[in-house]
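The values are calculated or read from the model by the stated rules, or taken from the named source; none is laboratory data. Keep in mind the model is a prediction, meaning the values are calculated, not measured. Virtual Cβ from ideal backbone geometry, glycine too; neighbours counted across all protein chains shown. Side chains included, ligands, DNA and RNA excluded: accessible areas come from the protein's heavy atoms. Shrake-Rupley method; radii C 1.70, N 1.55, O 1.52, S 1.80 Å.
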Amino acid sequence: MNGITLKRLDWAMLGTILVLIGLSAAFIYSAQFKSEVDVGSNYLKQIGFAGLGLCAYGVLVWFDYKQLAALSWWIYGGAVVLLLLVFLFPEVNGAHRWIPLPKFTLQPSELGKLAVVIALSAYLAAPGRDVDDWKTFFSCVAIVGLPFLLILFEPDLSTSLMLAPISLAIMLYKGVQRKLLLIGMVAVLVFATVLCLWIKYEKPPDGETAGTWSVLPSMPLMEDYQKGRIKVFLSDDHDMAGAGWNKLQSQIAVGSGGLHGKGWLKGTQNILGFLPRTVAPTDFIFCVIAEETGFMGGAFFIALYTVLLGGCMRASVRSRDEFGRLMTLGIGIMLFCHVFVNIAMTIGILPITGLPLPLMSYGGSFMVSTMIALGLVQSVYQRRRNR
Amino acid sequence: MRVRRQKQESLLVIWVVSALMLLGMGVLLSELWKLQVPRKSGFDEVFHNQSVRRVRLPAVRGKIYDTHGKCLADSVPNYCIAIYTEELRAPRSAVANTLELLHEVWARVGRKPDVSFRDIQQHLLLTPDVPLVAWEDLDDKTMARWRSRFEEWTAPPKGSRRRREIPGLDLGKPVQGRSIVLKTGELRKRGTTTAANTLELVYEISERIGSPRAVTFQNIKDHIFARRPLPLLAWKNIDDRMMARWADSCTGLAGTDIFCMSARHYPEGENLAHLIGFTLAAEATREEAGERVDFDLRGIEGVKGLEVKYNELLEGKPGSRLVQIDVSGFHYRDLQIQPPQPGGDLQLTIDANIQRFAKEALMLRQDGEARDVPVRGAVVVLDPNNGDVLAMVSAPSVDPNAYMNSKRYRQLLLKDPHKRAYHRAVFGQYPPGSTFKPITALGVLKEYPDYGKTIHDCVNPYYVDKRRKRCWIHRRGGAHGELDLRQALMHSCNVYMFEMVQEVGYEPIHDMAQQFGLGQYAGLFPDLEMPEQKDKKYGNLPASAYNTTDACNMVIGQGAITASPLQMAMVAATIANGGTLYRPRLIQKWRTAPDREYQRNPTWAIRRIDVPEAALELVRDGMHDVVMDPQGTAKKTRVPGIEIAGKTGSAQYTKDKTPAGDVIYGTHTWMISYAPCDFPRYAVAMLVEDGVSGGNTVGPRLSALYQKIFEYDGTLQKEEG
């Protein structure tokens, strides 16, 4: 029962994690590499974060995740407080996303996502929860809604939207108002399509040439940069020098990588700085990877992530209780969304968002929160049902 | 029951989610393949184009030498203080921000700020948080202008209601009292732009070398906008003192260095300006086939004379540097450098010494000449035995070195009343006057070999078709009396020529002039002689005369006949060498690069003049008498110890008209000549505009020229002392 044995560890997953961390340091080094004398120290910091993450991972593997169910409200409350604290600090680049601490800045939204997964799982997995009751449904909506709104107002639309598929899957699994959720999903899809079409055919702001079909009035409630990103996504040649620049450059970088890539530290697109240096090691790390290692390397990375996601799903299926199952499912979906959206935007099939690539992108909060999440998965798998 | 059912279904959800994940990863994989493998080459090209720029590197311009190898046009280094803006990208200082703001405001106020660079530095060092008063005591007009320009500056951007904040300025109070105040505290916290950093460095260097700034803030911004990978040349043509100061005080500064460009220097200065021409900074890039040049480090190119005629040979082949640039457009690294190939050299037939003598001789003032205008005229010295141009002077001249270095000089030149830039020796078109008479004589002698003995009587007054025609001596109340042809040449008697042309007609004279190349292209250098009038004749030689009076005018070189000094020098050379008309040769040899062999430019006879030997002999004797006979018109040309032959000429032309309508005549004074008589080595044509007479105006000058030339070549011993 309580046998924490090395034999029961998911070694495939742990190995994948370690490989990814090692490669992360290597490619952050490469992303910041300009010349022999001018290498950023971010790769060292990333190794430090990874070390911190691994400690958390180790602790969580030994820790019985079931106790988290009892602590879930504390965790949730703590996350909400952190998300509120964000607003006390000055804006950076027009957003309240970070809490500056000595040595590094904390991004509470990363921990917030995890807290929502834990709280929602704990709430729904509680014995005697009547899933058909509307009260349950509204409670779920409230649990997700509060951090959602807080993150939305930071503003960080993409991270807040990430909560939707996670909670949707957990609630679908438990059968909370399944019909309503499915109908809602269809409605959202329809709405998104309409939104895209509207933006595509809306009248451009003054000074830009209007297309033949651009007749709709300007879409309210959205910032110009958000519309710009969607326009870039919808057409290949929108505003190449401005909003379309990153997409174009990212595609050029990936495309020029070819089958075998240009070799480590030889990604000229990256080294020349056509990929803006600020985003190359963070949101666009996959671009560097694809340019330097080509399709072979990119496919290898996709395979590693598939192994990771498979591990989460396996832990979910084989979990000994509902709480573990829900939590690992949520974590799996969270990781998937990050991986998919990030890689898809790098190769130009989704609009550009600020979602980092788990375990690869430079960033302390995200690295640690990802490692915590994976530690929880390992903890669940460790205590799986015996067959 | 219900619990079991739910459990199975919920596992289904997990399986569905897993399947969706797998599908997602599959989509990523296939999209990645599509982007990376089939479309790769397209991206490669895009990638290459966007990161590589070609910089054109000018070659060192070839040199021009005189016949003895003395350098006439030299390539010298032009030292510049360059600023490498790419090294100034990092945020630097509040001083830069303050200077940038100061210049922005300056452009709008239109008045020099009341603080110096040192003031700003000191202020930021000691009391950075106290606002800096940059302008004081503005008058009402300036304040009003500043207010309105400030209003424009801070106008809200499109789609916004809020006015634009200018960091360091107060939106509400652009003017405080009568001062403009910069809030330096606010500027201290901000990052600096490259332009601002460059500006600060320019100020700093200016302060250290003690020389005013030579570039404006707008220049800097333009440079960073358009030519970022190239160095910004902040001071050009710096002299040794500035260079020493720079080396003393500025070598520690980052981002600045000495940059060497190629410049032209003409050691002979004014002497050869018309012939060699000069260079200027090359205008916009000329298209080079197949190669895209993104940045042109501008070289120099010829704009006049030989420099432009042989520009291609002299300028060499420009090299190029392939530069990879980074996202901000700065130089990242050199991919490939193709060094420029230095230009080829020219060696001229010009002898710099003779050229200088000719110039000096032409400038000698004679009695009775107006002192308030410069001597205007031309000299051409040819070697009659092969047509080599030994000297070619046009006066007044231009200083090519000043021309290249001073825009003011160039502008003054455009308004010059004496047409300094005009190459009189080659392009000047003057009536040849009596210097035409040897041609007249030869024309007649060819048809009537015995005409030399014919005697005509020069009487005063003399009438042709009831119109009075004058010999020059008539003006002095005399007449030449009875003369033969040789004497007529010596005395330059017009009446003899009038009688002659009435007997034989204009036809033979025209034919002879044509043989001598009048009215034709002289062939000094192809296409250069009359650049703006390609199909126009070179000089003028009418094919027929309207009437007898017209014919009389033309045989004494008046009327419609015109010729350039070069053409008249060719006439003198042809008579001197016994009848061979040589193409004037200016380029002795050339090479396409300094390490190549010289190639010779051959001498080339245009034709032999078809005229009996005896006729030539007679004309030469006549020309000998002009100088050497005590009664000759060019007695003043004599040089002791040298037999010189020549012919004077004074051609009247319509200079101006008085308000009443009377014509004011001017006189172009000429001499053509060769020496020594028995074996000629030099043939000279000299022209002075608005002189008195050929013998008096040109004669002494020619004498001085011959004196110096024969002393130079050793024929005459230089007088001691």
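General remarks:
- Shielding value for A:344-356 is 2, the average number of Cβ atoms from other chains within 10 Å of each residue's Cβ.
- Amide hydrogen neighbours beyond the local backbone of B:G62, cut-off 5 Å, H modeled: B:E315, B:G316, B:G343, B:G344
- When A and B come together, around 3800 square angstrom of accessible surface is lost from both chains combined, probe 1.4 Å.
- Near the amide H of B:K589, within less than 5 Å, lie the amide hydrogens of B:Q347, B:N601, all on another chain or at least 5 residues away, with H placed in the peptide plane.
- Estimated FRET transfer efficiency (B:K415, B:E312; beta-carbon r; R0 45 Å; 0.05): 0.90
- Length gained when the stretch B:F679-B:R147 is fully extended (0.36 nm per residue, less Cα-Cα span): 183.1 nm
- Cα extents for region B:200-284 along the principal axes, largest to smallest and rounded to whole angstrom: 45, 32, 19.
- Per-peptide average of other Cβ atoms within 10 Å, ordering B:638-648, B:386-396, A:131-141 highest first: B:386-396, B:638-648, A:131-141
- Per principal axis, descending, Cα span of the protein assembly as shown in whole Å: 156, 68, 62
- As a ratio to 2.2 N^0.38 Å, the alpha-carbon radius of gyration computed for chain B takes the value 1.43.
- Residue-wise HN-Hα couplings along region A:286-295, as the Karplus relation 6.51 cos²θ - 1.76 cosθ + 1.60 with θ = phi - 60° gives them from phi, are 5, 4, 4, 4, 5, 6, 8, 10, x, 5 Hz; Gly and Pro carry x.
- Amide H contacts under 5 Å for B:I300: B:A282, restricted to partners 5 or more places along the chain or on a different chain, H placed in the peptide plane at 1.01 Å from N.
- Inter-part distance where region A:95-129 and region B:434-475 are each reduced to a Cα centre, Å: 121
- Inter-chain shielding of A:326-336 (mean C-beta neighbours from other protein chains, 10 Å cut-off): 2
- Placing R0 at 25 angstrom, the Cβ-Cβ distance between B:R475 and B:K655 gives a FRET efficiency of 0.90 after rounding to 0.05.
- A protection proxy built from the mean count of other Cβ atoms within 10 Å ranks the segments B:80-88, A:75-83, B:663-671, most packed first, as B:80-88, B:663-671, A:75-83.
- Segment B:V76..B:R241, full-extension length gain: 57.7 nm, with 0.36 nm per residue of separation and the alpha-carbon distance subtracted.
- Sum of -39500 (n - 2.57) over DSSP H runs of 4+, divided by residues of the protein assembly as shown (222 nm, nearest 500): -15000 deg cm²/dmol
- Label point of B:D465 set 7 angstrom out along Cα-Cβ; within region B:484-508, amide nitrogens under 20 Å from it belong to B:494-508.
- Residue pairs, from the table B:K359/B:K657; A:K200/A:K247; A:K66/A:K174; B:K70/B:K636; A:K179/A:K227, whose Cα atoms sit over 28 Å apart: B:K359/B:K657; B:K70/B:K636; A:K179/A:K227
- With DNA, RNA and ligands ignored, accessible area of B:Y496 (1.4 Å probe; Å², nearest 10): 0
- Peptide A:248-255 has a mean shielding of 5, counted as Cβ atoms of other protein chains within 10 Å of each residue's Cβ.
- Sequentially through region A:80-91, phi angles give Karplus couplings (6.51, -1.76, 1.60; θ = phi - 60°) of 5, 4, 4, 5, 6, 4, 3, 6, 7, 9, x, 5 Hz, Gly and Pro residues having no value and appearing as x.
- Label-to-label distance, nm, for residues given as B:R591 and A:W198 (7 Å Cα→Cβ offset): 8.0
- For peptides B:402-410, A:304-312, sequence by mean Cβ density within 10 Å, most packed first: A:304-312, B:402-410
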